[in-house]
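This is the structure I want to talk about, given as structure tokens.
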Amino acid sequence: MPAQNEAPQFPFPPSPVPYSPGPQVRELMAKCPVNQVRLPDDSTAWLVTGFAEAREVMIDQRYSRALVFAPGRQVYGVEATLSDALIAKDPPEHTRLRKLVAAAFTDKRMQALRPRVALIVDDLVDAMLAGPRPADLSRSFSLMVPASVICALLGVPVTDVERFHEWSNAIFADWSRSREEIGQAYAAMSGYMSELITQKRESPEDDLISVLIDARDSRGKLTEAELVDFCIQLLAAGHETTASSINMSFVALCQHPGELARLRADPGLIPAAVEELLRYVIISGSGFIPLARITREEVCLGGVTIPAGETVLPSFNVANRDPAAFEDPDRLDVGRVPKTHLGFGAGAHHCLGAQLARMELQEALRGLLTRLPGLRMTRPMSELEFREGQVIASMRELPVTWDDA
Amino acid sequence: MTWRVTVDTGLCISSGVCLATAPGRFRFDESQHSSPVQALTEPDDQVRDAAASCPVEAILLTYAGTGEPVPPPD
Ligand code: HEM
Ligand code: SF4
């Protein structure tokens, strides 16, 4: 175990390859699946990069999310807005809220939604085909697929996308951004959502916000604050993550022309490719600190003894490159069909939108690879610009072009 | 009335939601699919919640005596 003063400063500098782990975290991984790091407030935490170990932290109830929000404890960036959220609670409190929406995001429901998503994808591709080249894939496609879908599910007007995307960009802030800025964006988004909830209270519609209002008003299942927060998080998490995943997956494929060609030649590989991309492609920004867990008691993890009350950071995305779990983990292989991966986390907080995101990514790749011949980036990867201070990598633009049909 | 717990491993996506929702009641088998620790259990809210939280509806709860499905939690 390294002495506290040797613990490296975390987060590490940006990786030269935005979708892959950088050299500093690789060095730690090679040492031990669990290593001590120093956080920006000078406290120490345990960074967990081993696959089995990260999964254990996310599943085992000896690691608490709720204790992260204990009074006086430092929380970073976006975490400050999450204290009332699903992601901030432990079972059984967590289960109470999660049950309210689990049925709306099952695989069955998502497969029923697929034709509608395919239509959204095709309309966006049609618009690209009718428009100028190069086009900004990020703005015209990657953002609009998940934004349109989550708006339809929640009952939010997609015409408001500019507003709520700006707010959620400000909210998904890493440790380096000011509390005030995050707080202002959150307040603006709360105001917007409360207004929408008021409208839907008067005239309920066939959408998820109305379902949650009913769970509160007729059945007392959640508080008003939880209701508003829930809707905000579904809207924000429901579009930023998938948008980044489409962008970064496309960029990663462009850097692996052999794999891209394989996928174009056999679109039947798309579902497998999506799983491999979810494993391989890191979509967190460089300043991302994995959502913390606190040990409730002394634990032994990956051969390391961690006392009670310590901060543990399950680095699920880096753990997807653990050679103990995947053969040749740093190779992108669209035919791999990984048995499991941690792209959606694990345990109580396993991504609520996992089956939705999978389906969206499959339809998005189908649209991009089968309908836009020779789709490619017009700039080298090194010239891509990312917004500063985001926990989810957010490209300013992703210029692309394609060949005539 | 005793419940029977079954996991359809063909559906299970190894999310670990059930392992965390009903601690000690589910575990991963060698192929990383969830499997009930005990196939038969007395009625248990956490097990019922786990079944209701599974993202692929892979967990089936039935009454051991009749084979009728256990109703979901409210
Ligand atoms: C490719 C796209 C996506 C990725 C990679 C992703 C990833 C994740 C991960 C890793 C977590 C767990 C975080 C942790 O435990 O520390 C999570 C949680 C969550 N995700 Fe996603 N997500 C995606 C899309 C979505 C979508 C489309 C929704 C919309 C409903 C969504 C909603 C949520 C929610 C509500 C949680 C918190 C769940 C809980 O605490 O019970 N995500 N996601
Ligand atoms: S909740 Fe469902 S999908 Fe997840 S591990 Fe349990 S049975 Fe498998």
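The values are calculated or read from the model by the stated rules, or taken from the named source; none is laboratory data. In this text the structure is predicted, and so the values were computed from the model without any measurement. Cβ: placed from backbone, ideal geometry, glycine included. Neighbour counts: every protein chain shown. Heavy atoms of the whole protein, side chains included, go into the accessibility calculation; ligands, DNA and RNA do not. Shrake-Rupley method; radii C 1.70, N 1.55, O 1.52, S 1.80 Å.
Mind telling me which of the residues A:Ala364, A:Ala324, A:Ala346, A:Ala357 ends up being more than 9 Å from ligand 1 (Cβ to nearest atom) and within 29 Å of A:Asp90 (Cβ to Cβ)?
From the options A:Ala364, A:Ala324, A:Ala346, A:Ala357, the qualifying one is A:Ala324.
Report yes if B:Val5 is within 14 Å of another protein chain (Cβ to nearest Cβ) and either out of contact with any Gly (no Cβ under 8 Å at 6 or more places or on another chain) or charged (D, E, K, R) (or both), otherwise no.
no
What residue, among those in region B:29-51 that are touching a Lys or Arg at 6+ places or on another chain (Cβ under 9 Å) and facing chain A (nearest Cβ under 9 Å), is surrounded by the fewest Cβ atoms within 10 Å (Cβ to Cβ)?
Here the answer is B:Ser31.
Kindly check whether there is at least one residue in region A:287-295 that is of a type in the set (S, T, N, Q), touching a helix residue (DSSP H, G or I) at 6+ places or on another chain (Cβ under 9 Å) and within 11 Å of ligand 1 (Cβ to nearest atom).
no
Next question, about the same structure. Taking B:Val17, is it open to solvent by less than 70 Å² (accessible area, probe 1.4 Å) and near ligand 2 (Cβ under 8 Å from one of its atoms)?
yes
Please pick out the residue among A:Arg336, A:Arg358, A:Arg293, A:Arg366 that is within 16 Å of ligand 2 (Cβ to nearest atom), among the basic types (Lys, Arg) and in contact (Cβ under 8 Å) with a residue 40 or more places away in the chain.
A:Arg358
Looking at region A:40-59, which of its residues are in contact (Cβ under 8 Å) with a residue 24 or more places away in the chain and open to solvent by 40 Å² or more (accessible area, probe 1.4 Å)?
Within region A:40-59, A:Pro40, A:Asp41, A:Ser43, A:Ala52, A:Glu56 meet the criteria.
Check B:Gly10 against each of (1) more than 11 Å from every other protein chain (Cβ to nearest Cβ); (2) among the small types (Gly, Ala, Ser); (3) near ligand 2 (Cβ under 8 Å from one of its atoms) and name the one condition it does not meet.
Of the numbered conditions (1) more than 11 Å from every other protein chain (Cβ to nearest Cβ); (2) among the small types (Gly, Ala, Ser); (3) near ligand 2 (Cβ under 8 Å from one of its atoms), the odd one out for B:Gly10 is (3).
Which condition from (1) at pLDDT 95 or above; (2) surrounded by fewer than 17 Cβ atoms within 10 Å (Cβ to Cβ); (3) closer than 30 Å to A:Ile282 by Cβ is the one that A:Gly183 breaks?
The one condition A:Gly183 does not meet is (1).
Suppose the filter is closer than 24 Å to A:Gln355 by Cβ and either within 12 Å of the chain's Cα centre (by Cα) or not aromatic (Phe, Trp, Tyr) (or both); does B:Glu57 pass it?
Spelling it out, B:Glu57 is indeed closer than 24 Å to A:Gln355 by Cβ and either within 12 Å of the chain's Cα centre (by Cα) or not aromatic (Phe, Trp, Tyr) (or both).
If you don't mind, there's one more thing I want to ask. Determine if region B:59-72 includes at least one residue that is more than 9 Å from ligand 2 (Cβ to nearest atom) and within 12 Å of another protein chain (Cβ to nearest Cβ).
Yes, region B:59-72 contains a residue that is more than 9 Å from ligand 2 (Cβ to nearest atom) and within 12 Å of another protein chain (Cβ to nearest Cβ).
Among A:Leu356, A:Leu352, A:Leu313, A:Leu372, which is the only one that is open to solvent by less than 20 Å² (accessible area, probe 1.4 Å) and under 29 Å from A:Ser176 (Cβ atoms)?
A:Leu313
I would also like to ask the following. I'd like the full set of residues that are in contact (Cβ under 8 Å) with a residue 60 or more places away in the chain, open to solvent by 20 Å² or more (accessible area, probe 1.4 Å) and within 15 Å of ligand 2 (Cβ to nearest atom), limited to region A:88-108.
A:Pro91, A:Asp107
In region A:285-295, which residues are out of contact with any Leu (no Cβ under 7 Å at 6 or more places or on another chain) and either open to solvent by less than 20 Å² (accessible area, probe 1.4 Å) or of a type outside the set (Ser, Thr, Tyr) (or both)?
A:Gly285, A:Gly287, A:Phe288, A:Leu291, A:Arg293, A:Thr295
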